[in-house]
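One structure is given here, and the rest of the page talks about it.
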Amino acid sequence: MTGINWRGVLAIYKFEMHRFARTLWTGLAVPVITTSLYFIVFGSAIGSRMSEVDGVPYGAFIVPGLMMLSLFTESIFNASFGIHMPRFTGTIYEILSAPLSAFETVLGYVGAAMTKSTTVALVILLTANLFVDVRIEHPLPMIAFLLLIAATFCLFGFIVGIWAKGFEQLQVIPLLIVTPMTFLGGAFYSIDMLAEPWRTVTLFNPVVYLINAFRWTFYGTSDVAVGVSFAITLAIFVICLAVVAWIFRTGYRLKS
């Protein structure tokens, strides 16, 4: 692709980041408080009964799951709200008529949403270090997985923002689908602890593979093959990218 309108991309990116900056302290204080509460509740109540999981102290074991839980919800919320607001106010027509391609428009919105969600995830990581000793055995794959998962769920959030007819619908998928799938996907436990047939049933939850791949980058342990996890994550990313391309090609809920 040649001749990318970086000025237009940057304009969208700065606008979205300015909205994030207005609520910066609230946006960062919430994950710090939430993470602290998770460690107080899970660390005290469960950690005292289950000291280690796969050789990893329980408090440290749940850190990747906490980061993923926040990354999923923040990515979806920021991306969906970012594109839904222009639809709600009617300024979406100005964006569509601007000298910006679909790629450049998505790059601006998704790039800003990725920046916000990864910032929150890293804040959670820093907060977790105040409670437990967190080690990262594979830092480069950790960063790669973090960015890939953030991009995937920001694209998914972009789709949700276009699909939703009102602000209430923006919360339906994150709260009623993604969050339960995360809790049931091994965010706070190893799926090897489950008896059959529940362990097999859990393997049909795609979030299991995302969380386990991310946990592997920290401690080198995973309940499923890391290669399979990466392939599934990449497949979800490609599917979301294809859906976004279809939306711009057909104008689905963008021009109506």
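What follows draws every value from the coordinates through simple rules; no lab data is involved. Keep in mind the model is a prediction, meaning the values are calculated, not measured.
For the chain, what does the helix formula give at 222 nm: sum of -39500 (n - 2.57) over DSSP H segments with n ≥ 4, over the residue count, nearest 500 deg cm²/dmol?
Values: 12 runs with 177 residues, N = 256.
Value at 222 nm, helices only, nearest 500: -22500 deg cm²/dmol.
Which residue, GLY166, GLY55, GLY186, has the most motion in a Gaussian network model of the chain that connects Cα atoms within less than 10 Å?
GLY55
Under 5 Å between amide H atoms, partner at least 5 residues away or on a different chain: which partners does VAL53 have, H built in plane at 1.01 Å?
TYR58
HN-Hα J couplings of the stretch 188-200 from phi, Karplus 6.51/-1.76/1.60, θ = phi - 60°, integer Hz, Gly and Pro as x?
Each residue of the stretch 188-200 in turn: 10, 7, 8, 5, 5, 6, 7, 7, 6, x, 5, 5, 5 Hz.
Compute the relative contact order of the chain as a whole-number percentage, counting only Cα pairs closer than 8 Å that sit 6 or more residues apart in sequence. Mind dumping the intermediate values first?
Working: 299 pairs, mean separation 66.7, N = 256.
This gives 26 percent for the chain.
Give the lysines whose C-alpha is closer than 19 Å to that of LYS116, dropping any in the same chain fewer than 8 places away, or say none.
LYS14
What residue among ALA187, ALA151, ALA29 shows peak mean-square fluctuation when the chain is described by a Gaussian network model with Cα springs under 10 Å?
The residue that fluctuates most here is ALA29.
Lysines within cross-link reach of LYS165: Cα-Cα under 19 Å, excluding same-chain residues under 8 positions apart?
LYS255
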